[in-house]
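Here is the structure we will look at, set down as structure tokens.
The values are calculated or read from the model by the stated rules, or taken from the named source; none is laboratory data. Keep in mind that this is a model prediction, so the values were computed, not measured. Virtual Cβ from ideal backbone geometry, glycine too; neighbours counted across all protein chains shown.
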Amino acid sequence: MIKKGKTNFSPHYIRTELLGKTIVTFFGIFLITLTICLVFFIASKGLSTFFKDKQSPLDFLFSSIWKPERGFDEGGPLTGGFVFIFGSVSISSLALLISTPFSIAIAIFMTEISPKFGQKVLQPVIEVFVGIPSVVYGWVGLCVLVPFIGNTFGGLGKSLLAGAIVLAVMIFPTITSVSVDALKTLPKDYKEASYALGSTRWQTIRKVLVPAALPGMLTGIVLGLARAFGEALAVQMVIGNNFFMPKSILDRSITLTSVITMEMGEAPIGTVHNNALWSLALLLLIISFLFIALIHKIGAKGSFSK
Amino acid sequence: MKIKSQVTDKIATTIFYMAAVFLVLLLILFTGYIIYNGRHRLNLNFIFTEPNSMEAGGGIGPQLFNTIYMVVLSMIFTLPIGLCAGIYMAEYAKPNRLTKTIRFCIEALASLPSIVIGLFGLLVFVTMTGWGYTLLSGALAVSVLNLPIITRISEDAIRSVSPSIKEASLAVGASHWQTIVKVILPCAIPSLITGIILTSGRVLGEAAALIFTAGISGFPIDFSNMDPTNTSSPLSPFRPAETLAVFIYKVNSEGTAPDARMVADGASAVLILFVFVFNIAARILGKTLSRRFSGKS
């Protein structure tokens, strides 16, 4: 028998407690090791563009000339990633703009208007949307959306707009589920107090529930944005992959993820071109960490106001 | 004034209903479109034959096999590690800096774009190990992708077990670890199983992490060869292997067969049906198990 509170290294204690505890602790710490490894490897590759190949980090972020294979007799390679950064930012913002009002409307419908229909029908519908693979979204976008945009507005159809619409469908489940959770955790008193004052349901939603659930909804929106930013194949299939700045939302464009997908296989390891692609991956990693920091900040603020 | 606010309320309610109806319609149109377009290909011949890049009539047999193999192989890595880490987080982690760091790492890993994890896999599991594009490298990359999710699911499942059960076990003299293995884990099984099936369903659709690790080349495999050490055997993990999702991506970008479009339609339909089967299976299994475990069968 082991007496509580006493450290005892008897074989019995080792067998019934210490061994198991050590193994699970090891795997807990393994997650930290894995994350550090991941960041280290991507950073070591991504930073060699600047340290080994002497490319300017400012040009990497703000120049729009991407000629990583240009010979040294012509002035050396240029690794300006601004077109990709601009493409990623604009397509994700556009997707968010389309998706957010709709996602939040669905979340409100599920919690306030008809919880029963929401639970029985919309919840499974959202789960199916989560389960549909991104290549299938891309494929349907390519077969339906791209020709539709091409016929309606002219041009090729492959465009920023097509990518943004595909992304909007892909990120709406994230925003909706997080918003539903935020609305569900609100104290009942808020709603009852508002009704007691004689407000209609819409007034209660607009003036009481949405402002109170805003931090949670913002978390959902940032998570959706993060997902939009990192999505690769579905976007690449419909965006047209043009290496120039898009002139309008109907113009073809390119993102950080799509340039990596297209060129990583062709750029020989160790070249400036290959390293620059790793730098783009590092940029994606940094941005995704920033999103997490942002979510923590929103969460901290939200709990403070409660 | 009152009339106006009531009219606004009615309008708002109508808009909310329209949004809900639109969502249901969108799903029906979306899945209906995929399955309707792929209907000609939903037969055993398409599912079991080899793809053909030169002429019409190719199937998706090897891709389907690779996909299932990939799910199994990746779960062999993810499951023990994720479950252990989940047990640690739910039962042993103290509220200190270490726990906070682990929690941050789980969150960071979960939010990484899958293409970044694919590149990490390319560097570590493909280049550094010297294996080249293999099914095993792909499975490892997907494991990294799913690890934070399985950890979270395990932690939640363990936490949702009623504390009174745990206290009863501790009270009769079982150690903490014995309580976890003999009492808490069995009680957590229904929600664990649901979570595990849903997570492995994610592997079905994953492509971005696999194009740089498992490769996009259709490597010929010989289904009569059952020696796992031979790279032409379907059982060998050391061969390049494209999954169904990667195949759809590839057909779209570099398809050469005259019926490439129809093959992609068919493959999408098969993939989406698989996803449905996984989702429904997870739900039914979870429900039956929890009913049996709570003694209401």
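Identify the residue in region A:44-62 that is not charged (D, E, K, R) and not in a helix (DSSP H, G or I) and, among all such residues, is nearest to the other protein chains (Cβ to nearest Cβ).
A:Gln55
Can you find, within region A:128-137, the residue that is farthest from the other protein chains (Cβ to nearest Cβ) among those that are assigned to a helix (DSSP H, G or I) and surrounded by 22 or more Cβ atoms within 10 Å (Cβ to Cβ)?
My answer is A:Tyr137.
With respect to B:Gly205, determine if the residue is touching a Phe, Trp or Tyr at 6+ places or on another chain (Cβ under 6 Å), of a type outside the set (S, T, N, Q) and surrounded by 21 or more Cβ atoms within 10 Å (Cβ to Cβ).
no
So which residues in region B:16-39 are more than 7 Å from chain A (Cβ to nearest Cβ) and β-branched (Val, Ile, Thr)?
B:Val21, B:Ile28, B:Thr31, B:Ile35
Determine which single condition A:Val24 fails, assuming it passes every other condition in (1) modelled with pLDDT under 85; (2) touching an Asp or Glu at 6+ places or on another chain (Cβ under 9 Å).
In the conditions (1) modelled with pLDDT under 85; (2) touching an Asp or Glu at 6+ places or on another chain (Cβ under 9 Å), A:Val24 misses (1) alone.
Being surrounded by 14 or more Cβ atoms within 10 Å (Cβ to Cβ) and charged (D, E, K, R) is the filter here; which residues of region B:82-98 pass it?
The one that is surrounded by 14 or more Cβ atoms within 10 Å (Cβ to Cβ) and charged (D, E, K, R): B:Glu91.
Under 6 Å between Cβ atoms, which residue pairs at least 6 apart in sequence (or on different chains) link something in region A:35-58 that is more than 21 Å from A:Ser288 (Cβ to Cβ) with a partner that is in a helix (DSSP H, G or I) and of a type in the set (A, V, I, L, M, F, W, C)?
A:Asp53/A:Val272
So which residues in region B:88-142 are outside any helix (DSSP H, G or I) and either facing chain A (nearest Cβ under 10 Å) or under 30 Å from B:Thr231 (Cα atoms) (or both)?
Of everything in region B:88-142, those that are outside any helix (DSSP H, G or I) and either facing chain A (nearest Cβ under 10 Å) or under 30 Å from B:Thr231 (Cα atoms) (or both) turn out to be B:Ala93, B:Leu112, B:Pro113, B:Thr129, B:Gly130, B:Trp131, B:Gly132, B:Tyr133, B:Thr134.
Working carefully through the options B:Leu64, B:Leu42, find the one that is surrounded by 19 or more Cβ atoms within 10 Å (Cβ to Cβ), touching a residue at least 24 places away in the same chain (Cβ under 8 Å) and more than 8 Å from chain A (Cβ to nearest Cβ).
Exactly one of B:Leu64, B:Leu42 is surrounded by 19 or more Cβ atoms within 10 Å (Cβ to Cβ), touching a residue at least 24 places away in the same chain (Cβ under 8 Å) and more than 8 Å from chain A (Cβ to nearest Cβ), namely B:Leu64.
Please work out if A:Ile23 is over 24 Å from the mean Cα position of the chain (by Cα), under 30 Å from B:Thr179 (Cβ atoms) and surrounded by fewer than 18 Cβ atoms within 10 Å (Cβ to Cβ).
yes
Quick grid of which residues meet (1) under 19 Å from B:Met89 (Cα atoms); (2) of a type in the set (Gly, Ala, Ser):
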residue	(1), (2)
A:Tyr13	no, no
A:Leu19	yes, no
A:Ile23	yes, no
A:Phe27	yes, no
A:Leu34	yes, no
A:Ser44	no, yes
A:Gln55	no, no
A:Asp59	no, no
A:Glu69	no, no
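Would you point out which residue out of A:Val121, A:Val125, A:Val144, A:Val140 is of a type in the set (Val, Ile, Thr), surrounded by fewer than 21 Cβ atoms within 10 Å (Cβ to Cβ), under 22 Å from the mean Cα position of the chain (by Cα) and not in a loop (DSSP other than H, G, I, E, B)?
Every option except A:Val125 fails the conditions.
Check region B:267-289 and report whether any residue there is out of contact with any Leu (no Cβ under 6 Å at 6 or more places or on another chain), farther than 27 Å from B:Leu119 by Cα, modelled with pLDDT of 80 or more and of a type in the set (Ser, Thr, Tyr).
yes
Considering only region A:258-278, I want to know if a residue exists there that is of a type in the set (Ser, Thr, Tyr), surrounded by fewer than 19 Cβ atoms within 10 Å (Cβ to Cβ) and either under 21 Å from the mean Cα position of the chain (by Cα) or not in a loop (DSSP other than H, G, I, E, B) (or both).
Scanning region A:258-278 turns up no residue that is of a type in the set (Ser, Thr, Tyr), surrounded by fewer than 19 Cβ atoms within 10 Å (Cβ to Cβ) and either under 21 Å from the mean Cα position of the chain (by Cα) or not in a loop (DSSP other than H, G, I, E, B) (or both).
Somewhere in region A:201-208, is a residue assigned to a loop (DSSP other than H, G, I, E, B), among the hydroxyl-bearing types (Ser, Thr, Tyr), surrounded by fewer than 24 Cβ atoms within 10 Å (Cβ to Cβ) and within 12 Å of chain B (Cβ to nearest Cβ)?
Within region A:201-208, none of the residues are assigned to a loop (DSSP other than H, G, I, E, B), among the hydroxyl-bearing types (Ser, Thr, Tyr), surrounded by fewer than 24 Cβ atoms within 10 Å (Cβ to Cβ) and within 12 Å of chain B (Cβ to nearest Cβ).
Among the numbered criteria (1) touching a residue at least 24 places away in the same chain (Cβ under 8 Å); (2) outside any helix (DSSP H, G or I); (3) not aliphatic (A, V, I, L, M), which single criterion is violated by A:Arg70?
Exception for A:Arg70: condition (1).
I need a count of the residues in region B:156-179 that are closer than 18 Å to A:Lys21 by Cα, in contact (Cβ under 8 Å) with a residue 12 or more places away in the chain, surrounded by 16 or more Cβ atoms within 10 Å (Cβ to Cβ) and more than 7 Å from every other protein chain (Cβ to nearest Cβ).
The number of residues fulfilling the criteria is 4.
Tell me the residue from A:Ala213, A:Ala182, A:Ala162, A:Ala193 that is small (Gly, Ala, Ser), surrounded by fewer than 21 Cβ atoms within 10 Å (Cβ to Cβ) and either closer than 17 Å to A:Ile113 by Cβ or over 16 Å from the mean Cα position of the chain (by Cα) (or both), please.
A:Ala193
Out of all the residues in region A:31-51, which are surrounded by 15 or more Cβ atoms within 10 Å (Cβ to Cβ) and closer than 13 Å to B:Phe104 by Cα?
Listed by number, the residues that qualify are A:Leu31, A:Ile32, A:Leu34, A:Thr35.
Just checking, how many residues over region A:73-109 are without any contact (Cβ under 8 Å) to a residue 12 or more places away in the chain, part of a loop (DSSP other than H, G, I, E, B) and surrounded by 17 or more Cβ atoms within 10 Å (Cβ to Cβ)?
0
Could you tell me how many of the residues in region A:256-297 are under 19 Å from B:Leu210 (Cβ atoms), hydroxyl-bearing (Ser, Thr, Tyr) and more than 8 Å from chain B (Cβ to nearest Cβ)?
The number of residues fulfilling the criteria is 1.
Of a type in the set (S, T, N, Q) and more than 12 Å from chain B (Cβ to nearest Cβ): is that true of A:Ser103 in this structure?
no
How many residues are within 11 Å of chain B (Cβ to nearest Cβ) and either of a type in the set (Phe, Trp, Tyr) or outside any helix (DSSP H, G or I) (or both) if we restrict to region A:9-43?
6
Every residue, every condition in (1) over 27 Å from A:Ile221 (Cα atoms); (2) without any contact (Cβ under 8 Å) to a residue 60 or more places away in the chain, yes or no:
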| site | (1), (2) |
| --- | --- |
| B:Phe104 | no, yes |
| B:Ser111 | no, yes |
| B:Ile117 | no, no |
| B:Val126 | yes, no |
| B:Gly132 | yes, no |
| B:Leu135 | yes, no |
| B:Ala139 | yes, no |
| B:Val142 | no, no |
| B:Asn146 | no, no |
